[in-house]
1. What does the charge add up to near Leu93, with Lys and Arg as +1, Asp and Glu as -1, over the other residues with Cβ less than 10 Å from its Cβ?
2. Any chance you could run the full-extension gain for Leu241 through Val160? It's 0.36 nm times the residue separation minus the Cα-Cα distance, nm to one decimal.
3. For the stretch 245-275 and the stretch 369-406, write down the distance between their C-alpha centroids in whole Å.
4. Net charge around Lys83, counting only other residues with Cβ within less than 13 Å of its Cβ (Lys, Arg = +1; Asp, Glu = -1)?
5. What whole number of Å gives the distance from the Cα centroid of the stretch 120-142 to the Cα centroid of the stretch 87-112?
6. With a cap of 10 neighbouring Cβ atoms within 10 Å, and only residues DSSP puts in a loop, list the GluC sites (Glu not before Pro) found in the stretch 125-218.
7. By how many nm would the segment from Glu276 to Phe37 lengthen if fully extended, with 0.36 nm per residue of separation less the alpha-carbon distance?
8. Once amide H atoms are placed 1.01 Å from N in the peptide plane, what residues at a sequence separation of 5 or more from Lys110, or on another chain, have their amide H within under 5 Å of its amide H?
Amino acid sequence: MYIFSYLFIRHFCSLSIVFLSFFCLSCDNGHSEKISFDRSDAAKSIAIDPIKVYATSKINNGSEIDFMKLNCDTSLMFSSISKFQPIDKSRFLIVDKTNNKIYVSDDSGKLYTKIGERGSALGQYTTVTDVEYDMNTDLIYVFSLPERKMLTYTTEGKFVDEKFSAFDFLTFTKRSNGYLVYGAFESNIENPYLNRNKKNNSNLIFISDDLSRILAGYINSGNFYDRMNNNDNFLQVKTDLSYFHYGYNDTIYCIDKSRIYPVYNIDFGKYQFPYEKASVFNNRKAYDLLYFKDEDPYYGITAKLSIGNEIVYMEYGPLKPSRNLGSNSVLYFRKNGNLKHIPSQLEQIPLHINRVLTIYDDKVYFEIIPRLLSKVNIDSLNAEFNLNISQESHPLILSVNEKDLM
């Protein structure tokens, strides 16, 4: 009964988009945001030997270190922080996609506003695929892929509206009259809501504000067998400046008011996945045989991108999952190109630091998951910073000034 209801609702929503899209194709308002793909700027190549351990990072002596403890009861337990996005200097959007939780916290870690809830009714989502706070509209957008639903809320948690998409996508960023989305799905190639005389060959697409039409496509792909393992490819830095982290060719693109252009290309040398060779495959089996080959595993950007005034941060690792290969490595480089490896423990702080959550207002925010700490490290933290945490505590957020990371 539940399956029948779900299919009926999605079919009904799809039919509604067909009629709406048919109408919109004949009455474009002529005010579409113009974004061009600029190939004139060459990306800066950053060569990384994934087997090499780069100079370890440490925090300068005397640096100011702040901790934010998520203040909520055990019923709201976060397994990890999927997204941590500043709204302003005293408010943060905190997302746990694993448990489908979205909250706004203050700078002390108090979760005082819940954004939406799980469900199938108006204003509810079945799963949290991607979330973004948009600086231009001062609204929070939540996308749920199973029903292709985009929901909008105020930062105070008030539901604004919802709409259904004609397209499948994993992650997005809001623009003035539409959305840039990462739609690496074969379903978007000959989508019935497109102009029937034109196929979509792009993974990065600009779709209309009502989510019914493709307005433009960028970064053409020979196939749609993409390999990204997270839904966090866009990074909004300012109201008119974003970045797109494209795992298919390990390239980072800048998106400003009018252009999309490459800024960094991460070169893994002999461990680089042969993207050009893979782009000609027309079946998934051939792609996977190359992707998951046994000998000399390929490496690539795997997740998370943060860019500050001085530091570019990312995670990379082997493309083929294996217990013998270890987890992702964390790497940052200063914009002058000097590479620094961030190991599992920063010197001078006895912590297991998973990753950088974001870089904002000259501060680098790290996530610390207490259940991964030893009792000795927890005791040390409690004694030095008066934290009063245990292995059952919520994730901690450590912040340090960007310039203090050596």
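1. For residues surrounding Leu93, the net value is +1.
2. So the extension gain works out to 26.6 nm.
3. Taking the Cα centre of each part, the stretch 245-275 and the stretch 369-406 sit 34 Å apart.
4. -1
5. 13 Å
6. Here the sparse-neighbourhood loop sites are Glu156.
7. Using 0.36 nm per residue and subtracting the Cα-Cα distance, I get 84.1 nm.
8. Amide H to amide H, under 5 Å and 5 or more residues apart or across chains, Lys110 pairs with Asn71.
All of the numbers you see were taken from the coordinates with simple rules; none came from a lab. Since this is a predicted model, take the numbers as computed values, not measurements. Virtual Cβ from ideal backbone geometry, glycine too; neighbours counted across all protein chains shown.
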